[in-house]
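*Asks:* Please read through the structure below; I'll follow up with questions.
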Amino acid sequence: MAEAKEQEYGFELVGGRVCLDFVNTLNGSRDTGETEEKLTGYEELISWGRQAGLVKEREARELLREAARNPKEARAIIERARELREAIYRIISAATHDRAPVRADLAVLNGELARAMAQSEILNTAEGFVWDWSEGGKDVSLDRVLWPVARSAAELLTSEEMRRARVCEADDCTWLFMDLSKNRSRRWCDMKYCGNRAKSRRHYERKRSAVSN
């Protein structure tokens, strides 16, 4: 009897922007190096793209079939995906701390952005003009999931909303998110996880301090 396929990982889409959710595919703290990689292979990249609404079910199946036919290219796409993800993280993290980004990181982003914009087109629909993606005559482009990520990062970095981008303040988390609170006081990527852990930690420390005194 064949073993049941391992259940698909459910990505937490709490960033508020596609590029931030993409950054958050690495769990843990980049500062301490205690991290957990969730983009472990091309299948996981497509799973994230489907959950983020970037690829439809039919497109996902086509991409996975193409990746199976071209495993070397699929592995190269994963390397590019991780490199883009970390470049976006460092650029935005630097900006939130009023630091200039590293040129190499901008070069990575601009390289992926150039590929993405080469596949961008404007369509006229019943609702008006919209952005869409054209694959330039190629049946399946394995890197298509990276196109909206690069464009999302470029749009965020050049917008007024960039001032609302934040890095989670939890000691063991470096996820990014948009602080859309009225008084811009959000501190955690997700209150259910990092926020509650921080509250529990503070409560424990207060109790311990009271006992020792």
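The values are calculated or read from the model by the stated rules, or taken from the named source; none is laboratory data. Worth saying up front: this structure is predicted, and the values here are computed from it rather than measured. Every residue, glycine among them, receives a Cβ derived from its backbone with ideal geometry; neighbour counts consider all protein chains shown. Ligands, DNA and RNA are stripped out before the accessible areas are found, and what is left, the full protein with its side chains, is counted by its heavy atoms. Shrake-Rupley method; radii C 1.70, N 1.55, O 1.52, S 1.80 Å.
*Asks:* Within the chain, which cysteines find no other Cys whose Cβ is under 4.7 angstrom from their own?
*Replies:* Singleton cysteines: 19, 194.
*Asks:* Quantify, in whole percent, the carbon and sulfur part of the accessible surface of the chain (1.4 Å probe; protein heavy atoms only).
*Replies:* Reported share for carbon and sulfur atoms: 49 percent.
*Asks:* Here's a follow-up. Counting only heavy atoms of protein chains, what accessible area per residue, in Å², does segment 85-200 have with a probe of 1.4 Å?
*Replies:* Numbers: 6440 Å² over 116 residues.
I get 56 Å² per residue for this part.
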